[in-house]
Amino acid sequence: MHRIKDIDPMQDTLRKIAAISPIVGRVLDTATGLGYTAIEASKTAAEVVTIELDPGVQEIARLNPWSQALFHNPKIHQIMGDSYEVVQTLEDGSFSRIIHDPPTFSLAGELYSGAFYQQLFRVLKRGGCLYHYIGDPNSKASGGATKGALRRLQEAGFTRVVRKPEAYGVVAYK
Ligand SMILES: C[S@@+](CC[C@H](N)C(=O)[O-])C[C@H]1O[C@@H](n2cnc3c(N)ncnc32)[C@H](O)[C@@H]1O
């Protein structure tokens, strides 16, 4: 999700990326949106694989001047599809970093499920880490979603899971 209150999209993106810096190796971005996290990650990553479900969002990105690197940077590979299904087809241990910036829990519960977190754990390299946007930790809904996500990420195998309130999310290490 993009934060809009008291923060602009660039600052929001930089905080997400800073949570798992340095960005190295292959990066998986599970929810392309307008491509801001994918584009920022591509500045230092070897490759970014980014997945978007909604063709309408991709059309908006095509028209958005700040999304153009998505279509022109050869380090960025876009996949259209459902991350829940696409991630199951990716190789074990093939990414150094994962950016998981899904819609809210109420809109995309399967992207916060233990089964999906197990898949993210599987495709992450040992020594790699995942940034997961969840929402304002001080709000009732996102505070509850954060607690559940922390538990399910640990159950999925992540050795350490750390709250990142400044980035409205958590970071999980393998
Ligand atoms: C919050 S936005 C991502 C923002 C992105 N990180 C950026 O910097 O622009 C979430 C995106 O996930 C997409 N989405 C929702 N469900 C999805 C799914 N199951 N698989 C892939 N993308 C999905 C939505 O269409 C939306 O574009």
Item to complete: For the chain, set up a Gaussian network in which alpha carbons nearer than 10 Å are linked by springs, and say which option among LEU150, LEU130, LEU63 fluctuates the most.
Response: LEU63
Worksheet item: With a ≥ b ≥ c the root eigenvalues of the C-alpha gyration tensor of segment 126-173, is it rounded (a/c under 1.5), prolate (a/b larger than b/c) or oblate?
Response: oblate
Fill in: Length-normalised contact order for the chain - Cα pairs under 8 Å, 6+ apart - percent
21 percent
Worksheet item: Straight-line reach from LYS140: which lysines have a Cα under 30 Å away, not including same-chain ones fewer than 8 places off?
Response: LYS5, LYS16, LYS164, LYS174
Fill in: Share of pairwise Cα separations in segment 1-84, more than 17 Å, in percent
44 percent
Item to complete: Please identify, among LYS164, LYS147, LYS75, the residue showing maximal mean-square fluctuation in a Gaussian network model of the chain using a 10 angstrom Cα cutoff.
Response: LYS147
Fill in: Local net charge near ILE51, Cβ-Cβ under 9 Å (Lys/Arg +1, Asp/Glu -1)
-3
Practice prompt. With a point put 7 Å past each Cα toward its Cβ, work out how far GLN154 is from GLN68 in nm, to one decimal.
Written response: 4.8 nm
Fill in: Apportionment of accessible area to carbon and sulfur, the chain, percent (1.4 Å)
57 percent
Fill in: Phi to ³J(HN,Hα) by Karplus 6.51 cos²θ - 1.76 cosθ + 1.60 over segment 92-107, Hz, x for Gly, Pro
4, x, 9, 10, 8, 9, 10, 10, 10, 10, x, x, 4, 3, 5, 9
Fill in: Protection proxy ranking of 19-30, 49-60 - average other beta-carbon atoms within 10 Å, highest first
19-30, 49-60
Worksheet entry | MRE, 222 nm, helices only [DSSP H, n ≥ 4, -39500 (n - 2.57), over the chain, to nearest 500] | -9500 deg cm²/dmol
Worksheet item: Per the Cauchy relation, a quarter of the hull surface: what is the mean projected area of the convex hull of the alpha carbons in segment 1-145, in nm²?
Response: 8.4 nm²
Worksheet item: Using θ = phi - 60° and the Karplus form 6.51 cos²θ - 1.76 cosθ + 1.60, what ³J(HN,Hα) does each residue of segment 139-147 get, whole Hz, x for Gly and Pro?
Response: 7, 4, 5, 6, x, x, 5, 5, 4
Response to the item:
Eigenvalues of the alpha-carbon gyration tensor of segment 64-150, times 5 and square-rooted, give semi-axes in Å, largest first, of 24, 18, 13
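The values are calculated or read from the model by the stated rules, or taken from the named source; none is laboratory data. Bear in mind that the values here come from a model prediction, so they are computed numbers and not experimental data. Note: ideal-geometry Cβ built from the backbone for every residue, glycine included; neighbour counts use all protein chains shown. Please note that ligands, DNA and RNA were not included when accessible areas were found on the heavy atoms of the full protein model with its side chains. Shrake-Rupley method; radii C 1.70, N 1.55, O 1.52, S 1.80 Å.
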